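Colleague: Quick one: the structure is below, and I'll ask about it shortly.
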Amino acid sequence: MGGIQTMKIMEPSAVHDFYSGVITGTAVKMGTKRLRDIVGAYSEAGEVEDLDRVMYEVYSFENGDPARAGNLNWGLTVMYPELVGEECNFTRGHVHADRSCAEIYFGLAGQGLLLFMDQDGGAWAEKVCQGSLHYIDGRWAHRLVNTGDGVLKVGACWPVTAGHDYQWVEDHPFPVRVFKKNGEIICI
């Protein structure tokens, strides 16, 4: 008979407070997009004030070998209810560098849209709300839009090998824009 064995129990390197917080921990990266970083993407940028206002934050828990297929990343986007002119706040948007890698988004708080665009420029959207689940084919460009009056929080899980191709979206802009006019959401 063997003796009593001891095992080291460690604290997690990341914690996701799903509904009232963000992802925290030593293995978490955080980036902030201010209006100045993306002002040129808005149709009504004109004479915009307060270029330092935070539009959205992205948190990611990336662990494991980034070249090893099968490893996963975990992320969170926190979008503020900002308007540029009457255009709703949106993320930069991307398509996966490895088009064979899909992604899952899930709504945690707020209201918004997940815009999609295929490689031929066809566009459509799904409503995002607390509890909503969204499958994103690796060939589809995608972007979040906050259409609500509060913070939009959306979680994500994707393969480490997916990569982000932001340039493709800059070269092939989304053909649809989302505005809030007199409290009503209008897609043009």
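The values are calculated or read from the model by the stated rules, or taken from the named source; none is laboratory data. Because the structure is predicted, anything quoted here is derived from the model rather than measured. Quick reminder, even Gly has a Cβ in these numbers, built from the backbone with ideal geometry, and neighbours come from all protein chains shown. The area values use the complete protein model at the heavy-atom level, side chains included, leaving out ligands, DNA and RNA. Shrake-Rupley method; radii C 1.70, N 1.55, O 1.52, S 1.80 Å.
Colleague: Across the stretch 76-119, what is the number of residues that are more than 11 Å from the chain's Cα centre (by Cα) and within 21 Å of T32 (Cβ to Cβ)?
Modeller: Here the count works out to 12.
Colleague: Also, quick follow-up: List pairs: first in the stretch 47-68 and over 27 Å from G85 (Cα atoms), second open to solvent by 80 Å² or more (accessible area, probe 1.4 Å) and of a type in the set (K, R), Cβ under 7 Å, 6+ apart or cross-chain?
Modeller: S60/K29; E62/K29
Colleague: Next up: State the number of residues belonging to the stretch 1-36 that are free of Cβ contacts under 8 Å to residues at least 24 places away in the same chain, of a type outside the set (S, T, N, Q) and outside any strand (DSSP E or B).
Modeller: Matching residues across the stretch 1-36 total 13.
Colleague: While we're here: Looking only at the stretch 55-70, how many residues end up being assigned to a strand (DSSP E or B) and either open to solvent by 50 Å² or more (accessible area, probe 1.4 Å) or over 17 Å from R143 (Cα atoms) (or both)?
Modeller: Keep residues of the stretch 55-70 that are assigned to a strand (DSSP E or B), which gives 55-62.
Retained after the next criterion (residues that are either open to solvent by 50 Å² or more (accessible area, probe 1.4 Å) or over 17 Å from R143 (Cα atoms) (or both)): 58, 61-62.
Final tally of qualifying residues: 3.
Colleague: Residue under question is V128, and the condition is that it be farther than 17 Å from H172 by Cα, without any contact (Cβ under 8 Å) to a residue 40 or more places away in the chain and open to solvent by 10 Å² or more (accessible area, probe 1.4 Å); does it hold? Talk me through it step by step, then tell me what you get.
Modeller: On the way: farther than 17 Å from H172 by Cα: yes; without any contact (Cβ under 8 Å) to a residue 40 or more places away in the chain: yes; open to solvent by 10 Å² or more (accessible area, probe 1.4 Å): no.
For V128, the condition - farther than 17 Å from H172 by Cα, without any contact (Cβ under 8 Å) to a residue 40 or more places away in the chain and open to solvent by 10 Å² or more (accessible area, probe 1.4 Å) - is not met.
Colleague: Something else now. Does A45 qualify as being at pLDDT 95 or above and in a loop (DSSP other than H, G, I, E, B)?
Modeller: Working: at pLDDT 95 or above: no; in a loop (DSSP other than H, G, I, E, B): yes.
Against the criterion (at pLDDT 95 or above and in a loop (DSSP other than H, G, I, E, B)), A45 does not qualify.
Colleague: Still on this structure, I have one more. Just one of E184, E87, E103, E82 is in contact with a strand residue (DSSP E or B) (Cβ under 7 Å, 6 or more places away or on another chain) and either surrounded by fewer than 17 Cβ atoms within 10 Å (Cβ to Cβ) or without any contact (Cβ under 8 Å) to a residue 40 or more places away in the chain (or both); which is it? Steps first, please.
Modeller: Numbers: E184 fails: in contact with a strand residue (DSSP E or B) (Cβ under 7 Å, 6 or more places away or on another chain); E87 fails: either surrounded by fewer than 17 Cβ atoms within 10 Å (Cβ to Cβ) or without any contact (Cβ under 8 Å) to a residue 40 or more places away in the chain (or both); E103 fails: either surrounded by fewer than 17 Cβ atoms within 10 Å (Cβ to Cβ) or without any contact (Cβ under 8 Å) to a residue 40 or more places away in the chain (or both).
Being in contact with a strand residue (DSSP E or B) (Cβ under 7 Å, 6 or more places away or on another chain) and either surrounded by fewer than 17 Cβ atoms within 10 Å (Cβ to Cβ) or without any contact (Cβ under 8 Å) to a residue 40 or more places away in the chain (or both) holds for just one of E184, E87, E103, E82, which is E82.
Colleague: Ok, one more. Residues in the stretch 29-51: is at least one surrounded by fewer than 13 Cβ atoms within 10 Å (Cβ to Cβ), within 15 Å of the chain's Cα centre (by Cα), over 21 Å from A123 (Cβ atoms) and among the basic types (K, R)?
Modeller: Among the residues of the stretch 29-51, at least one is surrounded by fewer than 13 Cβ atoms within 10 Å (Cβ to Cβ), within 15 Å of the chain's Cα centre (by Cα), over 21 Å from A123 (Cβ atoms) and among the basic types (K, R), which makes the answer yes.
Colleague: Then there is this: Keeping to the stretch 131-162, report how many residues are surrounded by 17 or more Cβ atoms within 10 Å (Cβ to Cβ), under 22 Å from Q111 (Cβ atoms) and among the polar types (S, T, N, Q).
Modeller: The qualifying residues number 2.
Colleague: Pull up the stretch 163-181, narrow it to residues that are open to solvent by 30 Å² or more (accessible area, probe 1.4 Å) and of a type in the set (F, W, Y), then point me to the one that is farthest from I23 (Cα to Cα). Walk me through it before giving the result.
Modeller: Initially, the stretch 163-181 is screened for residues open to solvent by 30 Å² or more (accessible area, probe 1.4 Å), giving 164-168, 170-173, 175-177, 180-181.
When the remaining residues are screened for being of a type in the set (F, W, Y), the result is 166, 168.
Working: Y166: 23, W168: 28 Å.
Among those residues, the one meeting the criterion is W168.
Colleague: Here's another thing I want to ask about it. In this structure, does L76 turn out to be under 30 Å from G183 (Cβ atoms) and surrounded by fewer than 14 Cβ atoms within 10 Å (Cβ to Cβ)?
Modeller: Details: under 30 Å from G183 (Cβ atoms): yes; surrounded by fewer than 14 Cβ atoms within 10 Å (Cβ to Cβ): no.
For L76, the condition - under 30 Å from G183 (Cβ atoms) and surrounded by fewer than 14 Cβ atoms within 10 Å (Cβ to Cβ) - is not met.
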